[in-house]
Each structure stands twice: as C-alpha cells, then as structure tokens.
Amino acid sequence: MDLKARLDQMAAGRARERHQGKRRSRTIAARRLGRVDFSDGIQWDEELEALRPKTRADCKDGERPCPWVGCKYHLWMDVNPKTGSIKINFPDIEPDEMAISCVLDVADMGPVTLEEVGQIMNLTRERIRQLEAGASEKIRTTKLAVEYREYSIEGKSYRRDPT
C-alpha cells in the first residue's frame, strides 16, 4: 500500500476517533524514569544492533510499519535530548499498528498540507503551523542565513544598510 493510501486510511480512522475522543500524546518525565526497574532480563543484543539500519538507503525498502521505534525518525515516540523525557505520540495504538511510522517516508511523499501533517503526528493543524513558524524563525536567524542575505544571488556583493 502506498503512502497516500495509508494517509487516507489514517484520515478515515481519525474521523471515527473524533466522535469517540482521540487520545492525546503522553509524556513521561525523565525524573520518573529513574524509578522504573529495567532489569527484567532485557539484554543488549549485538546481532540485533547489527540489523538496525544506519542510513536512509538501508531502511527505505524495509519493513513497514518500521519496527525500529528507537530511531529518531520514528513517529510513535520522541525523546527530548535536553530533558530525557519520552513523549508517546500515539498512546492508544501499538507501533506495529501505525499506518505511517517514519517521518522520512512522509518526506519522500513530497508536499503535504498542515492537516495531513497533523494527522500523521497526532497534533492539530494549528500546532503544526506554530511549529513551522518557530522553525522558520530559527532558520532565518542562523549565521548562514544572515550571511546569505548580505550577498546577492548573482554573486554581486552588497552590504545591507545597518539602519
């Protein structure tokens, strides 16, 4: 099934959930994770780690939905690198039940609307717009963007008037 068909399937499911009350994402604070006992026999498996895709080319034609939930491109959960908190974006479904599980698959689809991105990420259209505006502002203020504005595309240099 191609991504557009999966997106349509997801939209139909979301329409049904609207009447049943869609579950919002759930965040688990890092300070609470310290109390969890992870010594239930799970060990690091070197053979399994060798199977983990390292590049987009490795996972492009891989199993879907993606089984690698720990990947930073997986949509089921996010880990905040600053605080260590875990945000589960879809608490009402298991990772293997997701219609679209990888943000890189969404990028391969090409342009998508704010509504479609909201469905994919379990956020509202307005929240996606706010995130997009914040990201655009961060990009606009980077050193590279400022330097780019100081020079014309044709290669003729000019300085912007500092006033």
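The values are calculated or read from the model by the stated rules, or taken from the named source; none is laboratory data. All figures in this text were calculated on a predicted structure; none of them were measured in a lab. Counting neighbours? That spans all protein chains shown, and the Cβs are built from the backbone with ideal geometry, glycine included.
Can you find a residue that is of a type outside the set (D, E, K, R), at pLDDT below 65 and farther than 15 Å from residue 105 by Cα anywhere in segment 53-71? Spell out how you get there, then give the answer.
Applying the first criterion (of a type outside the set (D, E, K, R)) to segment 53-71 yields 53, 55, 57, 59, 62, 65-71.
This time we only want the ones that are at pLDDT below 65, so: none.
There is no residue in segment 53-71 that is of a type outside the set (D, E, K, R), at pLDDT below 65 and farther than 15 Å from residue 105 by Cα.
Being of a type in the set (S, T, N, Q), modelled with pLDDT of 90 or more and outside the structural domain of residue 89 (by TED's automatic domain parsing) is true for just one of 152, 157, 136. Which residue is that?
Criteria check complete, one pass: 136.
With 112, 36 as the choices, which residue is in a loop (DSSP other than H, G, I, E, B) and either modelled with pLDDT under 90 or loosely packed, with under 13 Cβ neighbours inside 10 Å (or both)? Before you say what the answer is, go through the steps one by one.
Working: 112 fails: either modelled with pLDDT under 90 or loosely packed, with under 13 Cβ neighbours inside 10 Å (or both).
Within the list 112, 36, the selection yields 36.
Which condition number in (1) surrounded by 11 or more Cβ atoms within 10 Å (Cβ to Cβ); (2) closer than 23 Å to residue 116 by Cα; (3) out of contact with any Asp or Glu (no Cβ under 6 Å at 6 or more places or on another chain) is the one that residue 53 fails?
Just one mismatch for residue 53, condition (2).
Among the residues of segment 74-84, how many are surrounded by 16 or more Cβ atoms within 10 Å (Cβ to Cβ) and in contact with a helix residue (DSSP H, G or I) (Cβ under 7 Å, 6 or more places away or on another chain)? Walk me through how you get there before you give the answer.
Residues of segment 74-84 that are surrounded by 16 or more Cβ atoms within 10 Å (Cβ to Cβ), as a first pass: 74-78.
Then drop every residue that is not in contact with a helix residue (DSSP H, G or I) (Cβ under 7 Å, 6 or more places away or on another chain), which leaves 75-76.
Residues that pass the stated criteria total 2.
Farther than 21 Å from residue 5 by Cα and in contact (Cβ under 8 Å) with a residue 40 or more places away in the chain: does that describe residue 120?
Details: farther than 21 Å from residue 5 by Cα: no; in contact (Cβ under 8 Å) with a residue 40 or more places away in the chain: yes.
Against the criterion (farther than 21 Å from residue 5 by Cα and in contact (Cβ under 8 Å) with a residue 40 or more places away in the chain), residue 120 does not qualify.
Only one of these conditions is not met by residue 127: (1) farther than 19 Å from residue 26 by Cβ; (2) modelled with pLDDT of 90 or more; (3) charged (D, E, K, R). Which number is it?
(1)
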